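Remarks on the structure that follows.
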Amino acid sequence: MLEGGQLIVALPPLEPPTPALTLARDGEDAPSFGSRVADLLAIELDPPKWLIPGYIQEQSVNILGGG
């Protein structure tokens, strides 16, 4: 719709927000998505391989800056 030289657009109504997930209480099951922290901490990883020892790992994303 054009009104007074300005374009006015009617947007569709917004969907109501979905309720936020809550943490499980003692004795309740936790929401079933993702991985549990305890499971992630139990994974044994190989030590990192370095391009520049102690600074830049292989197969990583880095931002180098200078001044």
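Read-outs throughout are calculated quantities, based only on the coordinates presented, and are distinct from any laboratory measurement. Everything numeric here is computed off the predicted structure, so don't read it as measured data. Methodologically, a virtual Cβ is constructed for each residue, glycine included, from the backbone with ideal geometry; neighbour enumeration extends over all protein chains shown.
In a fully extended conformation the segment linking S35 and W50 would gain 2.6 nm over its present Cα-Cα distance, using 0.36 nm per residue. In this simple spin-label model, placing a label point 7 Å from the Cα along the Cα-to-Cβ direction at both I63 and T18 gives a separation of 3.1 nm.
Given the peptides 38-50, 7-19, arrange them by the average over their residues of other C-beta atoms within 10 Å, most packed first.
Ranked by mean Cβ neighbours within 10 Å, highest first: 38-50, 7-19.
Remark on Q57: its backbone amide H falls under 5 Å from those of L51, a criterion applied only to residues 5 or more positions apart or on other chains, H modelled at 1.01 Å from N.
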